[in-house]
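Engineer: My structure is below; once you've seen it, I'll send some questions.
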Amino acid sequence: MAQLLITGGAGFIGSHTCLVLLQEGHSLIVLDNYSNSSPVALERVAALAELSFSANGERERLELVQGNIGDRECLEQLFNTACKRGKPIEAVIHFAGLKAVGESVREPLRYWNVNLTGTGCLLAAMDSHSCRTLVFSSSATLYGYPDTTPIPETAPIQPINPYGHSKAAVEQLLHDLAASDPNQWRIACLRYFNPVGAHPSGTIGEDPLGRPNNLFPFVSQVAVGRRESLQVFGGDWPTRDGTCIRDYIHVMDLAEGHRSALECLFAEPAQVLTLNLGSGQGASVLEVVQAFEQASGRKVPYEVVGRRDGDAAITIADPASALHRLGWRTQRTLDDICLDGWAWQSANPSGYGDLG
Ligand SMILES: NC(=O)c1ccc[n+]([C@@H]2O[C@H](COP(=O)([O-])OP(=O)(O)OC[C@H]3O[C@@H](n4cnc5c(N)ncnc54)[C@H](O)[C@@H]3O)[C@@H](O)[C@H]2O)c1
């Protein structure tokens with residue numbers, strides 16, 4: 001079992017992936033500045049993983065470090081300490097970053113700084129400690145307005161906002177880095193489609209700060225009574241019911257995809273692996289509303305308003321490469337997503353803030 005560094009591990013996808021990796025037997029150091037998350041998420045992950053404590057009262061296999069990926073000194077200390085303990089960091093799963101498209105349009109400098117410069121700092125620290133195995137959180141946002149759907153990894157990279165540009169730049173940097181030092185770097189760029197849902201226990205889930213930007217957290221906040229109604233952006237798209245279609249992937253499926261990618265990187269020769277992680281199925285906004293109403297037994301009032309800038313009608317992954325290379329495919333349905341998402345939202349109406 002490996003010693004892993006998980007950046008952004010307190011966040012939505014990171015926390016669920018930490019749980020899967022701990023259950024697999026790995027030891028984790030989580031680096032997070034909690035700018036969009038709470039350490040409570042990781043306390044709950046530790047409880048779910050039933051971690052034991054050593055004689056001196058320290059929790060085993062999960063260490064939390066509050067810090068910034070752009071802080072080289074902090075990274076050096078982290079890598080050095082792991083080495084001194086005789087458990088050098090063997091691989092990094094890099095979730096830390098900023099992810100709100102609209103915010104990235106308003107604050108491009110901050111997005112480029114955290115997502116690209118921060119990643120550069122992390123890569124330099126990894127390189128200097130000969131840690132050259134990395135799983136990177138990329139995004140389907142790279143495809144912009146896709147020319148074909150389902151979208152294969154070979155589709156043109158044509159992001160349409162600063163968030164997407166920053167992810168595309170990191171992917172390019174990773175290719176350049178791998179080419180500069182042949183047979184050294186083992187890298188997986190995982191392009192997520194729409195991660196949603198929660199762990200079925202309902203104890204960890206998505207907890208967006210402020211008004212959610214994405215459909216799912218919005219729908220669940222309306223169902224739980226935190227918001228009055230949902231705005232559906234456009235009812236005249238060329239789709240089966242006129243609303244946008246997306247490829248929703250259960251966050252536990254996504255977490256398991258990271259475990260599979262890591263296993264593949266460890267087992268195979270050095271490479272840069274680029275894979276879509278999606279279900280290959282699409283659901284429209286109205287289908288999501290209906291499925292969520294069914295799962296929660298609550299009404300989700302909505303109104304159809306005008307289209308929103310930057311949306312595409314249909315975005316669905318072609319997940320064939322992930323199946324071929326990792327033997328991974330999604331296992332959970334839209335109904336599972338809604339049931340688990342509701343278990344989380346109804347038990348934690350204000351997210352992790354409920355616990356304090
Ligand atoms: N959720 C999505 O819809 C989605 C889709 C595609 C790609 N991604 C990417 O996946 C990754 C994880 O997304 P998520 O949904 O879990 O987001 P999240 O905001 O819940 O998690 C990101 C974590 O990184 C931390 N962080 C941010 N800046 C940091 C910094 N400078 N130093 C240390 N920690 C920092 C945050 O506190 C948070 O815990 C991100 O890189 C995101 O761009 C997310």
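Engineer: Search the stretch 1-23 for residues that are of a type in the set (S, T, Y) and pair each with any residue that is assigned to a loop (DSSP other than H, G, I, E, B) and within 9 Å of the ligand (Cβ to nearest atom) when their beta-carbon atoms are under 9 Å apart and the residues are at least 6 apart or on different chains.
Structural biologist: Note: pairs meeting the criteria are T7/I69; T7/F95; T7/A96; T7/G97; S15/G9; S15/S37; T17/G9; T17/F95.
Engineer: If I ask for residues that are of a type in the set (A, V, I, L, M), outside any strand (DSSP E or B) and closer than 19 Å to K99 by Cβ, which ones from the stretch 127-165 would you list?
Structural biologist: Once the filter is applied, which keeps residues that are of a type in the set (A, V, I, L, M), outside any strand (DSSP E or B) and closer than 19 Å to K99 by Cβ, the stretch 127-165 yields A140, L142, I157, I160.
Yes/no per residue for (1) open to solvent by 50 Å² or more (accessible area, probe 1.4 Å); (2) farther than 22 Å from A291 by Cα:
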| site | (1), (2) |
| --- | --- |
| S321 | no, yes |
| R329 | yes, no |
| R332 | yes, no |
| D340 | no, no |
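Engineer: Which one of these is assigned to a helix (DSSP H, G or I), open to solvent by 20 Å² or more (accessible area, probe 1.4 Å) and touching a strand residue (DSSP E or B) at 6+ places or on another chain (Cβ under 9 Å): A168, A82, A124?
Structural biologist: Just one listed residue meets the conditions, A168.
Engineer: Filter the stretch 14-29 down to residues that are near the ligand (Cβ under 9 Å from one of its atoms) and either open to solvent by 30 Å² or more (accessible area, probe 1.4 Å) or touching a Cys at 6+ places or on another chain (Cβ under 8 Å) (or both), then give me how many there are.
Structural biologist: Residues that pass the stated criteria total 0.
Engineer: What do you reckon, is S37 hydroxyl-bearing (S, T, Y), under 25 Å from F193 (Cβ atoms) and either crowded, with 17+ Cβ neighbours inside 10 Å or touching a Leu at 6+ places or on another chain (Cβ under 9 Å) (or both)?
Structural biologist: yes
Engineer: Can you tell me which residue among V45, V65 is farther than 23 Å from Y111 by Cβ, not in a strand (DSSP E or B) and not small (G, A, S)?
Structural biologist: V45
Engineer: If only one of Q221, Q290, Q281, Q231 is in a helix (DSSP H, G or I) and open to solvent by 60 Å² or more (accessible area, probe 1.4 Å), which one is it?
Structural biologist: None of the other options fit; the residue is Q290.
Engineer: Another one. Given the criterion within 28 Å of R329 (Cβ to Cβ), touching a Phe, Trp or Tyr at 6+ places or on another chain (Cβ under 8 Å) and β-branched (V, I, T), identify the matching residue among T239, T274, T243.
Structural biologist: Going through T239, T274, T243 in turn, just one is within 28 Å of R329 (Cβ to Cβ), touching a Phe, Trp or Tyr at 6+ places or on another chain (Cβ under 8 Å) and β-branched (V, I, T): T243.
Engineer: Follow-up. Does at least one position in the stretch 104-114 carry a residue that is more than 25 Å from Y163 (Cβ to Cβ) and more than 10 Å from the ligand (Cβ to nearest atom)?
Structural biologist: no
The values are calculated or read from the model by the stated rules, or taken from the named source; none is laboratory data. Keep in mind that this is a model prediction, so the values were computed, not measured. Because the Cβ atoms are built from the backbone with ideal geometry, glycine has one as well, and the counts that use them run over all protein chains shown. Note: accessible area is taken over every heavy atom of the protein model, side chains too, but ligands, DNA and RNA are not part of it. Shrake-Rupley method; radii C 1.70, N 1.55, O 1.52, S 1.80 Å.
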